[in-house]
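Notes follow the structure.
Just so you know, all these numbers are worked out from the coordinates, no wet-lab data involved. Computed from a predicted model, the values in this text were never measured in an experiment. Counting neighbours? That spans all protein chains shown, and the Cβs are built from the backbone with ideal geometry, glycine included.
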Ligand code: SAM
Ligand code: SF4
């Protein structure tokens, strides 16, 4: 076993995956090796998520499994990173004896120091949040591939009443535009073909007056052969300037993740989402006018405190009206420390589950109908790899983020763009024929 060999497991959102790459970058700079095999590691890190209770429970179970590793190798250092580190701090070290270090999202620079102390038998907690840390100068550790994530900002100032993120990831701050553009150029030189710009609310990006539309345009110009995606847009702040920027650049994907959360204005107000459904629907219409063919996905919460059948029906109505291409759908989960935590969690569990299932069923039907309407049309797909179901087929994604599967051809490889004709579709997958390579730049 290498003396300093680190293994990292990541839970939760894309932001956490990007943070894990950052952490590995920091540790590699200090001479650590990165391993994919937990049994080869003497440092085991879990990068955690606190957004819903079931995410935290999953990590507690995982910690119980890691006891075996600690038994077999008592010198191994076990660390908790990310949102749970921030939220549970001391409790993790006190209640979970196997945990040696607990480091929150703004203290990763000091992680090597904490690990060093842990090798000496000292437990450590670093959970201070920062108003300025953006890790601008750190080069994340990325294996070769075609898709990458870049965090363009950290934290969130929105304080939706259900959400722990402002408490676990701190105040909003943006990375410099120039450093992001340079990172994209170096990804392009490494043959990456797609980058997703990440932030809890990318629309409040601000680097000395340069806004998210400026950043997106600069990224699109810096790497014309790469697809540029971004997430998440808060409906309050999505500007026409941003919509025109998406429309102007062929390599900015025509796909917007625009979480609605609920279709009821009363619930939106209780959630402190700061927009009305009328504003939201107007935004969708403007986006459709400015960006022909744009597709949308969303996040929806079922069973927020006081949600009535009528509120729930309004959510279903908005889904039917917008016709989202996809949705992330959740049951409300009370989170300690948030404003909604003090509201009575009064929608009974079985009603939350029933409403969630209705939302999921409706979304599946909508996705199915949208995908069926694409039969006979052509789509450009970025090839990501061999299909999971058959090695006779390749799989990739369309500009609007739909998974597409099509027959293999010897001259088509991962990272190529191909045009296919859609011949069949389910709610989750498009099936295509006659792939033809296309040049994109
Ligand atoms: N910043 C993004 C936004 O504004 O939509 C999303 C961040 S959050 C990590 C992702 C999604 O988790 C939210 O959009 C929301 O639907 C869901 N979520 C957050 N807190 C939740 C809670 N307490 N219970 C259920 N779902 C929750
Ligand atoms: Fe949470 Fe709202 Fe911020 Fe998204 S915008 S991270 S849901 S507080």
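Of note:
- For the range 287-441, share of DSSP beta bridges that run antiparallel, in % to the nearest 5: 70
- Modelled FRET efficiency - R0 30 Å, residue 390 with residue 53, Cβ distances, 0.05 increments: 0.20
- Kirkwood-type hydrodynamic radius, the range 174-221: 11.1 Å, calculated from all non-identical alpha-carbon pairs.
- Alpha carbon centroid spacing (whole Å) that separates the range 177-242 from the range 4-52: 25
- For the chain: rounded, prolate or oblate by the Cα gyration tensor [a/c cutoff 1.5]: oblate
- Full extension of the segment from residue 178 to residue 323, taken as 0.36 nm per residue of separation minus the current Cα-Cα distance, would add 48.5 nm.
- The helix-based estimate of mean residue ellipticity at 222 nm for the chain, built from -39,500 (n - 2.57) per DSSP H run of four or more residues and divided by its residue count, is -11000 deg cm²/dmol to the nearest 500.
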